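Trainee: Shown below is the structure under consideration.
Laboratory data are not the source of any read-out in this text; all were calculated from the coordinates shown. A quick note: this is a predicted structure, and the numbers were derived from the prediction, not measured. Every residue, glycine among them, receives a Cβ derived from its backbone with ideal geometry; neighbour counts consider all protein chains shown.
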Amino acid sequence: MTETVETNTTEETLKISALLAELIGTFLLAGAIIYLAGVSAPVGMLGVGFVLVFLVIIFGNISGAHLNPAISIALAINKKVPWMKAIAYIIAQLIGAALALLIFHAIWRANLDANIFRYLSQYGSQMGITTPPTSASDVAAFAKTNNMTVAELGSKIDLGFINATVAKGTEWMTLGTEILGSAIFGLGIGHAFYSENKSMWETGFSVGFGLFAAASLAGSTAIMNPAVALTIGAFETKGSVIWAGYLIYILGTILGMYIGVTAYRYIQKAALSK
């Protein structure tokens, strides 16, 4: 994560390339989270961390590899990047996240009938199902017979699309863990942007393992990225109050990220002044 140096002759090209880097990087990050969601927590979190390391290394010199609206806002508040640049990055990030939702959801839905058929063929008898579907093409009729859509049937047997909706009664606890996780992650971001004389490898690992450390300490409900929260359904209101997802995964994430980035900035400033 380093700031792009723009020149008068290539300013427009660099701006476009930076926005593309943010869009593609956020798309890939969201996709990785979707695919690794079903993996056991430590392995899945570590996998996402390594994906983020890779993205920072390849896109860091192009855009700074924010890939996260909370990072762009925290850096803008700290006057590390201009507000117009931060806003442009956020738009690109949200587009990347929305594309990830559309494309990966379409892939999931295209394979759902076959996955349900394989699951019921293997485990149907253990579930008390005496007449499971005889082929993938029969899954829709089987679901209808049981008064469900195919998507609802998939969710019932843990084959549903990833959904991070906040559970009712856990809103304030989830907000606290989101702020905590984002603050810890923000320390890694602060190192990436404010520490001097570091390689892109060091930057990548400080960000990737910062995310891993934050997720390990804050728990599975911490998303720490409003764009990714959009992709995995955190703003749906099913089962919780209408404001929960927005408060937690927008305001909570931004607050935590700002705390972490700003804390690192002042700690480093104090260390250098000695």
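Trainee: Hey, for a label at ARG118 modelled as a point 7 Å past Cα toward Cβ, could you say which residues of the stretch 39-71 have their backbone N under 19 Å away?
Mentor: Answer for the stretch 39-71: 39-40.
Trainee: Say R0 is 41 Å: what FRET efficiency, to the nearest 0.05, do THR131 and MET173 get from their beta-carbon distance?
Mentor: 0.45
Trainee: Would you work out which of ALA21, GLN268, ALA218 lies farthest towards the positive end of the dipole of the chain? Charges go on Cβ: Lys and Arg +1, Asp and Glu -1.
Mentor: The one lying farthest along the dipole's positive direction is GLN268.
Trainee: Residue by residue, what Karplus-based ³J(HN,Hα) values in Hz, rounded to whole numbers, does the stretch 173-178 have, using 6.51, -1.76 and 1.60 with θ = phi - 60° and x for Gly and Pro?
Mentor: 5, 5, 4, x, 5, 5
Trainee: Right, something else. Rounded, prolate or oblate: which one fits the stretch 59-112, using the alpha carbon gyration tensor with axes a ≥ b ≥ c (rounded when a/c is under 1.5, else prolate when a/b beats b/c, else oblate)?
Mentor: prolate
Trainee: Quick one: Debye curve from the alpha-carbon atoms of the stretch 110-156 only, equal weights, vacuum; give me log10 I(q)/I(0) at q = 0.17, 0.18, 0.20, 0.29 Å⁻¹ to two decimals.
Mentor: Values returned for q = 0.17, 0.18, 0.20, 0.29 Å⁻¹ are -0.39, -0.44, -0.55, -1.21.
Trainee: Further, regarding this structure: For the stretch 207-219, in order, what is each residue's ³J(HN,Hα) by Karplus, 6.51 cos²θ - 1.76 cosθ + 1.60 with θ = phi - 60°, in whole Hz (x at glycine and Pro)?
Mentor: 3J(HN,Hα) across the stretch 207-219, in whole Hz: 6, x, 7, x, 5, 4, 5, 5, 5, 5, 7, 8, x.
Trainee: To the nearest 10 degrees, how steep is helix 83-123 against the longest Cα principal axis of the chain, on a 0 to 90 scale?
Mentor: 20 degrees
Trainee: In whole Hz and in residue order, list the ³J(HN,Hα) couplings for the stretch 60-74 that follow from phi through the Karplus curve 6.51 cos²θ - 1.76 cosθ + 1.60, θ = phi - 60°; x for Gly and Pro.
Mentor: Running phi through 6.51 cos²θ - 1.76 cosθ + 1.60 with θ = phi - 60° gives x, 7, 9, 10, x, 6, 5, 6, 6, x, 5, 5, 4, 5, 4 Hz.
Trainee: What distance in nm separates the simple spin-label points at LYS79 and ASP138, each placed 7 Å from Cα in the Cβ direction?
Mentor: Roughly 7.0 nm, to one decimal.
Trainee: I'd like to know which of VAL228, THR145, ILE103 lies farthest towards the positive end of the charge dipole of the chain, counting +1 on Cβ of Lys and Arg and -1 on Cβ of Asp and Glu.
Mentor: The listed residue farthest towards the positive side: VAL228.
Trainee: Placing +1 at every Lys and Arg Cβ and -1 at every Asp and Glu Cβ, with all other atoms neutral, what dipole size does the chain have around its Cα centre, in debye to the nearest 20?
Mentor: Computed about the Cα centre, the dipole is about 380 debye.
Trainee: Further question on the same structure: In Å, what is the Rg of the alpha-carbon atoms in the chain, and how long is Dmax?
Mentor: My reading of the Cα-based Rg and Dmax gives 20.9, 75 Å.
Trainee: So how do 182-193, 24-35 stack up, highest first, on mean other-Cβ count within 10 Å?
Mentor: 182-193, 24-35
Trainee: Determine the relative contact order of the chain: mean sequence separation of Cα pairs under 8 Å and six or more apart, normalised by residue count, in whole percent.
Mentor: Contact order relative to length: 26 percent.
Trainee: Which of PHE59, PHE209, PHE117 moves most in a GNM of the chain, Cα contacts under 10 Å?
Mentor: It is PHE117.
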